[in-house]
Amino acid sequence: MAIIDFLKKQFIDIIEWTDDSRDTLSYRFPDEDKEIKNGAQLIVRESQVAQFVYLGEFGDTFGPGKHTLTTDNIPILTNLKSWKYALESPFKADVYYVVTRLFTGNKWGTANPVMMRDADFGIVRLRAYGTYDFRVVDVPRFLKEVAGTDDHFRLDEFNDTMRSRIVSVFTDALATARIPALDVASRYGELGEALLPLINPAITAKYGLEMTTFVLENVSVPPEVEAAIDKRSSMAAVGNLNDYVKYQMGQGMASGSGGGGIGGAGAELAMGMALAQQMMNQPGGILAQANPGVAAPATPAAAAPAAPAATLDLMTPQQVAQLLGVGESDVLASLEAGDLKGRRIGTQWRVTRAAVDAFLAG
């Protein structure tokens, strides 16, 4: 049996490897004694590159085709010289097959938000995820930095390292590109292509890899920033705030005159009361016509009104809002801006009906 094993070791090797898996990056040819004979035939197929390692150092790199290997392991003679090594040759050699096809659809994402400085929001936190395609372009560097002496290196062993490296480079590239957060969502494709020249030099120099496609599928901001963006969009949609308030007031009057529900009825009632007050307070008004030539009885001091008759035409912002069917905050905003004319009595605003009519007419 020992003689048969001895004779088997003298045959010239034929080295080849095929694999139907989709996740193998590199594979070491399974030569148990690692004594590849001089003149061994190496077969390399398309989408493969073979790296010859001799005496622990990288040798030639072989592309697709059939190649003849040159080593110090000469059949019979090597065994005769190996008596002092217990018939084990000191001339060890390995062949690593590296897959050079495109590995597609690999996912990446930020485990934690990425801090960046933005022109619109200052310092903002972003989350991002997407996919990428890559291939091995520098076989010796890939074997040295990534696969090492692993006899069967698979994609899942490298995913975490690749993902963290991509996130790091993506963060630096995004900061260098200085793209505003509001523009990122509309420029996913452009951003992915723009980041490739920034990402590839880093991963090629470090791992011997080249990224052919970098897809940015989504970039999201924290909820509070999303709320700020929504408010900004609403303001842009409204446009001129003064015109918007006038429109709302006009709508309120239209709904009030049309009897549109409780709000409309309240606005209509308030408008009627204001008109009645004006008619009563005007010289020669309804009260004067009803009792011509009869002087009004003197009012006791205790029953005198708290304000002169001229102030009955003044309305509070709440009354104006109720009259027009809009929010009180809209009325206050127009008063502060000077669009709606009013005056302060103490700390409170007061508005005349004439001022309201002039505001709506303007």
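The values are calculated or read from the model by the stated rules, or taken from the named source; none is laboratory data. Here the structure is a predicted model, which means the values were calculated and not measured. Don't worry about glycine lacking a Cβ; one is built from the backbone with ideal geometry, like all the others, and counts go over all protein chains shown. In case anyone asks, the SASA skips ligands and DNA or RNA and just uses the protein heavy atoms, side chains included. Shrake-Rupley method; radii C 1.70, N 1.55, O 1.52, S 1.80 Å.
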### Query
Considering only protein heavy atoms, what per residue accessible area in square angstrom results for region 85-180 with a 1.4 angstrom probe?
50
## Note on the structure
As straight-line cross-link partners of Lys37, the qualifying aspartates and glutamates (C-alpha separation under 19 Å, not fewer than 8 residues apart within one chain) are Asp5, Asp13, Glu16, Glu57, Asp60, Asp72, Glu88, Asp94
### Message
For a test of the definition: using alpha carbon positions, the gyration tensor, and the 1.5 limit on a/c, classify region 166-205 as rounded, prolate or oblate.
### Response
prolate
### Task
Set the Förster radius R0 to 41 Å, insert the Cβ-Cβ distance between Ala361 and Glu217 as r into 1/(1 + (r/R0)^6), and round the FRET efficiency to 0.05.
0.15
### Summary
Amide H neighbours of Thr352 at under 5 Å, excluding residues fewer than 5 places away on the same chain, with H built from the backbone geometry, are Met315
